[in-house]
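Read through the structure below, which is laid out as structure tokens, and then see the notes.
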Amino acid sequence: MRYHVTVRDRTFVVDVGVDEVTVDGRALEVDLASSPASPVRHLVLDGASWTVVAEPGERAGTWRLTLSGASTVDAEVVDERTLAIRAMTGAGSARKGPEPLKAPMPGLILAVHVSEGEVVEAGQAVVVMEAMKMQNELRSQARGVVERVLVQPGAAVERGAVLVELGQAGE
């Protein structure tokens, strides 16, 4: 599985295979052990041993990592599929406020979780659509207010179709 991991404005391509892990094409010797129900991990990376506390960040796909009890970094981990969806919808590009939620591919709307006038938070589930026999939960990329809901469950949509229009939310 391929991941794009961003730490301190630098992105690394991490390929995780059954027997091998590569970072930016360089094979690494990696062993990761965890305790059930604990954020503490023990990482051996090319012979160096680290204790890592991995706690979920504020948004899906983000992590706060504390290394050996000292240094803390924030990381974003994005898989290839999510990266492709972001590229198709424009999600993940720098923005000042909410943008319309668009269909990343043709599909069928299964559920709409918001209504007009409702305030949504960044990362909140807005629409569930089925595409390529998979359910995809589409989330708001920024805090905003629902101005218009343009789809209903059962509607077939094309790639790029605006599903929900969002505007600036007042404080």
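The values are calculated or read from the model by the stated rules, or taken from the named source; none is laboratory data. Since the structure is predicted, the reported quantities are computational estimates derived from the model, not experimental observations. Methodologically, a virtual Cβ is constructed for each residue, glycine included, from the backbone with ideal geometry; neighbour enumeration extends over all protein chains shown. The accessibility values were calculated without ligands, DNA or RNA, using every heavy atom of the protein model including side chains. Shrake-Rupley method; radii C 1.70, N 1.55, O 1.52, S 1.80 Å.
For the stretch 1-39, a residue qualifies if it is among the aliphatic types (A, V, I, L, M) and in a loop (DSSP other than H, G, I, E, B), and the qualifying residues are MET1, VAL18, ALA37.
Filter the stretch 4-30 down to the residues that are open to solvent by 70 Å² or more (accessible area, probe 1.4 Å) and in contact with a Leu (Cβ under 9 Å, 6 or more places away or on another chain) and list them by number. Within the stretch 4-30, GLU20, GLU29 qualify. Remark: pairs (first residue in the stretch 44-59, over 23 Å from VAL78 (Cα atoms) and open to solvent by 70 Å² or more (accessible area, probe 1.4 Å); second residue modelled with pLDDT of 85 or more and not in a strand (DSSP E or B); Cβ separation under 7 Å; 6+ apart in sequence or on different chains) = ASP46/GLU29.
Scanning the stretch 66-89 for residues that are touching a residue at least 24 places away in the same chain (Cβ under 8 Å) and either open to solvent by 60 Å² or more (accessible area, probe 1.4 Å) or in a strand (DSSP E or B) (or both) returns VAL73, ASP74, ALA75, GLU76, VAL77, VAL78, ASP79, GLU80, LEU83, MET88.
Contact annotation: residue pairs with Cβ atoms under 6 Å, 6 or more positions apart or on different chains, pairing a residue in the stretch 126-140 that is closer than 15 Å to GLN152 by Cα with a partner that is open to solvent by less than 90 Å² (accessible area, probe 1.4 Å) and part of a loop (DSSP other than H, G, I, E, B), are VAL126/VAL114; VAL126/SER140.
Taking the criterion of being touching a residue at least 12 places away in the same chain (Cβ under 8 Å) and either among the aromatic types (Phe, Trp, Tyr) or at positive phi (or both), the residues of the stretch 2-25 that qualify are TYR3, ARG8, PHE12, ASP24, GLY25. Is there a residue in the stretch 53-61 that is over 30 Å from GLU158 (Cβ atoms), out of contact with any Leu (no Cβ under 7 Å at 6 or more places or on another chain), basic (Lys, Arg) and assigned to a loop (DSSP other than H, G, I, E, B)? Scanning the stretch 53-61, I find no residue that is over 30 Å from GLU158 (Cβ atoms), out of contact with any Leu (no Cβ under 7 Å at 6 or more places or on another chain), basic (Lys, Arg) and assigned to a loop (DSSP other than H, G, I, E, B), so the answer is no. Would you mind finding the one in VAL119, VAL157, VAL126 that is on the phi < 0 side of the Ramachandran plot, in contact with a Ser or Thr (Cβ under 6 Å, 6 or more places away or on another chain) and at pLDDT 90 or above? From the options VAL119, VAL157, VAL126, the qualifying one is VAL126.
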